[in-house]
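Student: Structure below; questions to follow.
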Amino acid sequence: MPNGIPAPRQPGHIAIIMDGNGRWAQQRRRPRMIGHRAGARAVNRTIDFCLQHGIGVLTLFAFSSENWGRPQEEVDALMKLFLGALDREVDELHRRGVSVRFIGDRSRFAAGIVQRMDRSEQRTAGNSAMVLNIAASYGGRQDIALAARALAQRVADGSLQPEQIDEELLGQQVALADLPAPDLFIRTGGDTRISNFLLWQLAYTELWFTDVLWPDFDAAILQQALDDFAGRERRFGLTSAQIAAGTAQSALP
Ligand code: FPP
């Protein structure tokens, strides 16, 4: 690693775009849902790995605000898969000390799903081994727009002056504001895009892309990403010399 102090060797927060389920199924001449089901198993492997390695926060992009535009049959089947996974896994996640949270626009889900989301959150809220954030009906632009709207509302009701609005205040309104920002972003499936995921929160996140399709994601590939991360120098806009001298701590975000 060049000059800089080693970054904390392990990310405290990993955010993942789980892409490639459909292609994985296509390669096997199976329906897309078979890929999503295999993707759900990869989710379990990833949670296991993070728990075993003491990674404090895992954020998974399960369903984007744009995914509602997929064929109705696929959307319905995905909802069924999410419900099944929620019903099956929450007890076990709770037993293992995982706090489950959802980010995104809940109002678009059927009432039964929202009820289970709420219940899972309430049930696991006190857990501290790991926070698992599931982004569902989530979009990064929507997240920022809603944060702006919340501040605008406070200006309108007279409790906030426009000149008081700064990065810190807006940052307190976006999703995951109470958690450290992601240290490492992973996208599987070969595309090198952020696709409207956590636009605000990823400002200084290290990005890692792999061609591996999500259902094939496993501990060995996650370890590759962690090894790559451990070798990176995070400068947060400063110089290597400043980071090495440790004189700029107060300037770091
Ligand atoms: C992207 O692959 C994946 C999704 C839109 C769904 C993600 C869902 C899972 C991983 C299943 C279970 C998740 C939870 C949280 C229980 P794609 O369909 O876009 O794949 P493609 O690009 O190959 O078509």
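Student: Count charges around GLN52 for me, please; just the other residues with Cβ under 14 Å from its Cβ, Lys/Arg as +1, Asp/Glu as -1.
Tutor: Within the 14 Å Cβ shell, the charges total 0.
Student: Roughly speaking, to the nearest percent, how much of the chain's 1.4 Å accessible area is carbon and sulfur?
Tutor: Answer for the chain: carbon and sulfur cover 50 percent of the accessible area.
Student: If I take every Cα pair under 8 Å that is 6 or more residues apart in region 45-184, average their sequence separation and divide by the length, what percent do I get for the relative contact order?
Tutor: Result for region 45-184 is 30 percent.
Student: State the extension gain, in nm to one decimal, for the chain segment bounded by GLU121 and GLU163, taking 0.36 nm per residue of separation less the distance between their alpha-carbons.
Tutor: 11.6 nm
Student: At 0.36 nm per residue, and after removing the present C-alpha to C-alpha distance, how many nm does the segment from ASP48 to ARG108 gain when stretched out fully?
Tutor: Length gained between ASP48 and ARG108: 18.6 nm.
Student: Could I have the simple spin-label model distance between PHE236 and ALA150, label points 7 Å from Cα toward Cβ, reported in nm to one decimal?
Tutor: A separation of 2.3 nm, rounded to one decimal place.
Student: Here is a further query. Under a 5 Å amide H to amide H cut-off, with H placed in plane at 1.01 Å, what residues pair with PHE102 once short-range neighbours are removed?
Tutor: The answer is ILE134.
Student: For the chain, rounded, prolate or oblate, judged on the Cα gyration tensor with a ≥ b ≥ c (square roots of eigenvalues), a/c < 1.5 rounded, else prolate if a/b > b/c?
Tutor: Taking the square roots of the gyration eigenvalues as a ≥ b ≥ c, the chain is oblate.
Student: Also: Given R₀ = 30 Å, what would the calculated FRET efficiency be for GLN223 paired with ALA177, taking r from the Cβ atoms and rounding to 0.05?
Tutor: Efficiency, from the Cβ-Cβ distance: 0.50.
Student: Given the options THR192, ALA220, THR210, identify the residue whose Cα lies farthest towards the positive end of the charge dipole of region 170-226 (+1 on Cβ of Lys, Arg; -1 on Cβ of Asp, Glu).
Tutor: Highest projection toward the positive end goes to THR192.
Student: Right, something else. Over the chain, with a Gaussian network built from C-alpha contacts below 10 Å, which listed residue (HIS36, HIS53, HIS13) shows the highest mean-square fluctuation?
Tutor: In this elastic network of the chain, the residue with the biggest mean-square fluctuation among HIS36, HIS53, HIS13 is HIS53.
The values are calculated or read from the model by the stated rules, or taken from the named source; none is laboratory data. Quick caveat, the model's predicted, so the values are computed rather than measured. Because the Cβ atoms are built from the backbone with ideal geometry, glycine has one as well, and the counts that use them run over all protein chains shown. With ligands, DNA and RNA removed, areas are computed over all heavy atoms of the protein, side chains included. Shrake-Rupley method; radii C 1.70, N 1.55, O 1.52, S 1.80 Å.
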